[in-house]
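Trainee: After the structure tokens below, expect a handful of questions from me.
Read the figures in this text as sums done on the coordinates, not as results from a lab. Keep in mind the model is a prediction, meaning the values are calculated, not measured. Cβ placement follows ideal geometry from the backbone for every residue including glycine, while neighbour counts extend to all protein chains displayed.
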Amino acid sequence: MSDTGEDDPDSAELSPEQRLDPPNTRLINAGIATINDMETLRACVAYENANEQRVQILRRLDDRASELRSEDT
């Protein structure tokens, strides 16, 4: 079984707020790492832009977008 979260229905059910507003950075990193589609990623970017606008989080989201794009090719 894969450990990427692709088959984990719970990871797909997290809202952008749940992914990006945990109390510590390890949970934020885990929330970003379990994003497996561009739609969810875009929702998280929109949420971050509308709320906190943290540069480090936006960079991590950008890195995750690059990873997702490379997986598609």
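Trainee: Using the eigenvalues of the Cα gyration tensor, what equivalent ellipsoid semi-axes result for the stretch 16-72 when each is taken as the square root of five times the eigenvalue, whole Å, largest first? Numbers along the way, then the final one.
Mentor: Numbers: eigenvalues 59, 28, 19 Å².
Largest first, the stretch 16-72 gives 17, 12, 10 Å.
Trainee: How big is the dipole moment of the stretch 16-72 about its Cα centre under a simple scheme where the beta carbon of each Lys and Arg is +1, that of each Asp and Glu is -1, and everything else is neutral? Debye, nearest 20, please. Walk me through the intermediate numbers first.
Mentor: Numbers: 8 positive and 11 negative charges, 43 e Å.
Approximately 200 debye in magnitude.
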